[in-house]
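Have a look at the structure below before the remarks.
The values are calculated or read from the model by the stated rules, or taken from the named source; none is laboratory data. Computed from a predicted model, the values in this text were never measured in an experiment. All Cβ positions, even for glycine, are placed from backbone atoms using ideal geometry, and neighbour counts span all protein chains on display. Note: accessible area is taken over every heavy atom of the protein model, side chains too, but ligands, DNA and RNA are not part of it. Shrake-Rupley method; radii C 1.70, N 1.55, O 1.52, S 1.80 Å.
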Amino acid sequence: MANQKEIENLVAKIVSEIVNKTESEEKCECKCCCDEQIPDITAVRHQDDFHVPDAVNEPEYMRMKARTPARIGVWRAGTRLKTDTFLRFRADHAVAVDAVFTEVPEEFIKDMGMPSFRSQCHSKAEYLQRPDLGRLFDDETAAKIKSECKNKPTVQIIVSDGLSSTAVTANIETILPAIMQGLKVYGLDAGTPFFVRYARVGIMDQVTELLGADVTVNLIGERPGLATGESMSAYITYKGYVGMPEAGRTVISNIHKGGTPPVEAGAHIAELAKKMLDQKISGLGLQI
Amino acid sequence: MILKTSLYGKTYEFKDVKEVLAKANEPKSGDVFQGIAAETALERVAAKVVLSHLTVGDLTENPAIPYESDFCTRVILDGLNTYYYNKFKNWTLGDLREYLIDWETAGNDIRIIASGFSSEVIAGLAKLMSNMDLACTSKKLIVTTRANTEVGRPEILPFRSQPNHPTDDIDGIMISVLEGIAYGCGDAMIGVNPVEDNVDNTSRIAYALYDFMEKWECPTQSSVLSHITTQMKAVEEGAPLSLFFQSIAGSEPALKAFGVTTEMLDEANDQIHHMGIAYGPNLMYFETGQGSEMSIDADCGVDEMTLEARTYGFGRRYAPFCVNNVSGFIGPETIYDGREALRAHLEDQFMGKMSGLPMGSGCAYTNHMHCDQNDLEIIDMLMCFVGTNYVAGLPLGDDVMLSYQDNSYHDNATMRLLTGRKPVVEFHQWMMKLGLMREDASLTKAAGDASFFLRN
């Protein structure tokens, strides 16, 4: 049997090949849009962004500023923000807003080859105001899931928009193949991965009950912070059930290219599924 | 007690006072989520009509959560002034509303009689008021308190500095403190929400704040917002703190979930008077916010606004130095958008001041609300205009630890110019002595440079 490191390396290699391929295809080489443009204000790191003129002690200012993600040393226009500071803040909030309020395109789900279902919510607005409805399917959808997806899978994966559609479109193409590949290495049957629109974490418990899965994985968009719209979490349960305590879920959070990269997270999720099946437990009791 | 009325020929009947209170609310997503909101706009008005005919006595004798089963209710009702309760118990809320909003009725007179009003009475009054009714009544209510310095005078506009950090790094916290001071923020208090809730960490932050205050002789208050029991242990071990902080709520199950009892806060209040670094007599700091009870399933079927009033009723037992809501902090399932947040802030300011609390405003929104910095700035401007005791200030308004947005140090400095309200007297003198601020509270050229305090 291959050791842990080898498996992870293998998964990483396969997936990075897929990623590199898509990236090279998207490269633009035209002159019209690539020549002159105003520099991207979001490319500046906050730690480097400093505007206080004639600061009394700039070296010490910069040293302490480097210790916090807070936006320090921004200076002022009278008592208001300087224009670039103001627009950068707007851009960072806009990223978060777009992550929450845009929809994951049906096209994207189709391209991923996943069936798509919806919770009991009918709109984003309803979803945001009614967490209870985001945790359940209606009877018709439940029946459809049961008939269209493989029953009694060892591991069931669902992808949920949650509070960030951007997290889904940014990570799924990488994380899903990584998990599938990892499960394959462990010889675990993966069922039919599917997408759920307007879904909360808890909807995975109804999925577990409907399909009779042993392990269920919910890949869900996290509530975005300023400038971080792509972050995803994976909630994983062993024999979950509707109304189970939150402490029974194992969570990997902060999955995005600036946090835990999706390839790495995918391999880790497969490994956790294996451990849960071996130990017959998830959440706080799981020995990792 | 009549719980039935007709509007345009259609009859509306409510089963109890609790239902009337819930359905009389202006729209809030939290009430809808709980399934207790008015189902139509007309039903909402019908509930308001019924409420306007209820008396002070009706609402006091029918608390939203029974006296026998809830220690929060007991603290509220046991604390009422019986003289003023008896004097007003036969007044209807409709009549009382007219008395309060009349500009001729002095704020001080309202404060005196309000000592006889239960939280349900105060919530009921707010439910009968428009936004401007709330504003013009709140503006008259002046609640001053003192720890090291005095806050609450209408001509004073102080700020809580909120220099939070995702890993409690002391340099990271302190550069945010210094930047705030350089804009004139921190005279209400410098208060850090720590990530790690333990005694060592609480003490470490307390010393860092204290060292700054001592070195620069900065006249203000400090607070570390860990759990009250953690702060008590830290102070027992000698940590220097001016105020004791605790989040509080309006029902027994919510207070229990926060790990708080009446006796515990009594003891804490006593301890900080004997072992803290501020003079007093007001040495407690509370945070509250509409929707906190429902977010932990401890609402007992009561609407979030009435629970918020009950939170203030509970808080008044401790004569705190400062209290602020953070309505908007939880998210869109409690307060959906900027409009609902604005309403909540006006309600909270009125209900807090009516409860005798030194009410500040924690203007807040999360990224999954329909709300942005423009909404927040409107709320900030309005609250400072109607006389809120203080608001918060953060670097660019971004809380890098709690992941939500609030007011910025820049907003703080701007609000002083827009309202003409000045810093706390001693702090203002100190800022002028340092050459960072002028008499009219405008910033000098040297202001805005945190390294003013890092000179070699």
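Below, the figures for the structure above:
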| quantity | calculated |
| --- | --- |
| Rg over Rh [alpha-carbon atoms, Kirkwood Rh] for chain A | 1.04 |
| D (Stokes-Einstein, µm²/s), Kirkwood Cα radius, region A:42-100, 1.306 mPa s at 10 °C | 126 µm²/s |
| Under-5 Å amide H pairs with B:Tyr365, H placed in peptide plane, nonlocal only | B:Gln405 |
| Protection proxy ranking of A:40-53, B:121-134 - average other beta-carbon atoms within 10 Å, highest first | B:121-134, A:40-53 |
| Ordering of A:129-140, B:250-261 by burial proxy (mean other Cβ atoms within 10 Å per residue, highest first) | B:250-261, A:129-140 |
| Separation between Cα centres of region B:293-328 and region A:196-241, rounded to whole Å | 32 Å |
| For B:Leu241, distant residues with modelled amide H under 5 Å away | B:Ile277 |
| Average beta carbon contacts from partner chains per residue of B:225-238, 10 Å cutoff | 0 |
| Length-normalised contact order for chain B - Cα pairs under 8 Å, 6+ apart - percent | 18 percent |
| Shielding of B:123-131 by partner chains, average beta-carbon count, 10 Å | 0 |
| Listed residues A:Lys110, A:Lys150, A:Lys65, most fluctuating in chain A (Gaussian network, C-alpha, under 10 Å) | A:Lys65 |
| Whole-angstrom gap from region A:245-288 to region A:128-191, using each part's C-alpha centre | 15 Å |
| Equivalent ellipsoid, region B:35-81 (semi-axes from 5 times Cα gyration tensor eigenvalues, Å) | 26, 14, 7 |
| Local electrostatic count at B:Asp266 - Lys and Arg +1, Asp and Glu -1, tallied over other residues with Cβ under 15 Å | -1 |
| Nonlocal amide H pairs with B:Tyr183, under 5 Å, H built at 1.01 Å | B:Gly448 |
| Degrees separating the helix B:199-215 axis from the principal Cα axis of chain B, which is the longest one | 60 degrees |
| Relative contact order for region A:42-100, counting Cα pairs under 8 Å that sit 6 or more residues apart, in percent | 35 percent |
| 20 Å-binned pair-distance histogram of the protein assembly as shown (Cα, whole percent) | 16, 45, 33, 6, 0 |
| Shielding of A:162-174 by partner chains, average beta-carbon count, 10 Å | 1 |
| Cα long-axis angle, helix B:409-419 against chain B (0 to 90 degrees, to the nearest 10) | 60 degrees |
| Length-normalised contact order for region A:37-142 - Cα pairs under 8 Å, 6+ apart - percent | 18 percent |
| C-alpha long axis of helix A:262-279 to longest principal axis of chain A, angle in ° | 30 degrees |
| Within chain A: Cβ-based charge dipole about Cα centre, in debye rounded to nearest 20 (Lys, Arg +1; Asp, Glu -1) | 740 debye |
| Residues of chain B: accessible area per residue with a 1.4 Å probe, Å² | 33 Å² |
| Where B:Glu426, B:Glu439 fall by accessible area, highest first, once all protein chains stay in place (1.4 Å) | B:Glu439, B:Glu426 |
| Dipole of region B:304-351, positive end: most advanced residue of B:Cys322, B:Thr306, B:Ile335 [Cβ charges, Cα centre] | B:Cys322 |
| Rounded percent of accessible protein surface that carbon and sulfur make up, region B:145-454, 1.4 Å probe | 52 percent |
| Calculated FRET efficiency for the pair B:Asp440/A:His51, C-beta based, R₀ 25 Å, to 0.05 | 0.50 |
| Measure of compaction for region B:145-454 (Cα Rg per 2.2 N^0.38 Å) | 0.91 |
| Part-to-part distance (alpha-carbon centres) for region A:76-114 and region B:398-436, which is given in Å | 28 Å |
| For peptides B:340-346, B:310-316, sequence by mean Cβ density within 10 Å, most packed first | B:310-316, B:340-346 |
| Cα extents of region B:4-138 along the three principal axes, largest first (Å) | 39, 39, 26 |
| Helix-only mean residue ellipticity at 222 nm for the protein assembly as shown, each DSSP H run of n ≥ 4 adding -39500 (n - 2.57), per residue, nearest 500 | -13500 deg cm²/dmol |
